[in-house]
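Q: Below you'll find the structure I mean.
The values are calculated or read from the model by the stated rules, or taken from the named source; none is laboratory data. Keep in mind it's a predicted model, so treat the numbers as computed, not measured. As a convention, Cβ positions derive from the backbone with ideal geometry for all residues, glycine included, and neighbour counts pool all protein chains shown. These accessible areas exclude ligands, DNA and RNA; they are computed on the full protein's heavy atoms, side chains included. Shrake-Rupley method; radii C 1.70, N 1.55, O 1.52, S 1.80 Å.
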Amino acid sequence: MNVKLKNTQKEWIDSDDAPEISAADLQRGVWSVEGRVVSEKEGRKAFAKRLRGRPVGSVSKSPKTLTTIRLSAEVIEQFKAAGAGWQTKIDLALKDWLLTHRP
C-alpha cells in the first residue's frame, strides 16, 4: 500500500521508509485544542490532561469502592457464566438484597 504524504511528493511503502522528524519540523507544528489554535504551553497541558484518568463523563456520581471479598466458587462461576460485567451483576444482586434485608 503506497501512502502519499501531505505537502510532499515523496511516497513510501511502510514506516521504515518514513523520514525522521527534525527539531525544525517540530518548531513548525501548530497546537490545536478542540479545533482552535493554541499556544504550545496550552497545547501540551491539554494533551497531558487528556492522557490521564478516565474519559470525561465516564465516572459516575457515586463511584464504586475497591474492596476484597471472599465468595464461594459456585457464586463466582454462576455470575461469570452470565458473561461480561459479572462484578457489576454481583453489585446489583447485593443492592437488590439490601431492599428487603438489613445487614
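Q: Using mean Cβ contacts within 10 Å as the protection proxy, how do 91-101, 66-76 order, highest first? Write out the running numbers ahead of the final one.
A: Working: 91-101: 9.6, 66-76: 7.3.
Packing order, densest peptide first, comes out as 91-101, 66-76.
Q: Additional query: Within the range 56-78, which residues have the backbone N less than 15 Å from the label spot 7 Å out from Ala93 along Cα→beta-carbon, could you tell me?
A: Counting only backbone N, you get 69-78.
Q: Among Ile90, Pro63, Val75, whose Cα sits farthest toward the positive end of the charge dipole of the range 25-99 (+1 at Cβ of Lys/Arg, -1 at Cβ of Asp/Glu, about the Cα centre)?
A: Among Ile90, Pro63, Val75, the one farthest towards the positive end of the dipole of the range 25-99 is Pro63.
Q: Subtract the Cα-Cα distance of Glu42 and Ser60 from 0.36 nm times their separation in residues, and report this length gain in nm to one decimal.
A: Result for the pair: 3.7 nm of gain on full extension.
Q: For the range 37-103, just the Cα set please: Rg and Dmax, both in angstrom.
A: For the range 37-103, the Cα-based Rg and Dmax read 19.6, 58 Å.
Q: Could you work out the local net charge near Glu42, counting Lys and Arg as +1, Asp and Glu as -1, over the other residues with Cβ closer than 15 Å to its Cβ?
A: It works out to a net charge of +4.
Q: With every protein chain present, what is the per residue accessible area of the range 62-103 (1.4 Å probe, Å²)?
A: Values: 4060 Å² over 42 residues.
Counting only protein heavy atoms, the per-residue value for the range 62-103 is 97 Å².
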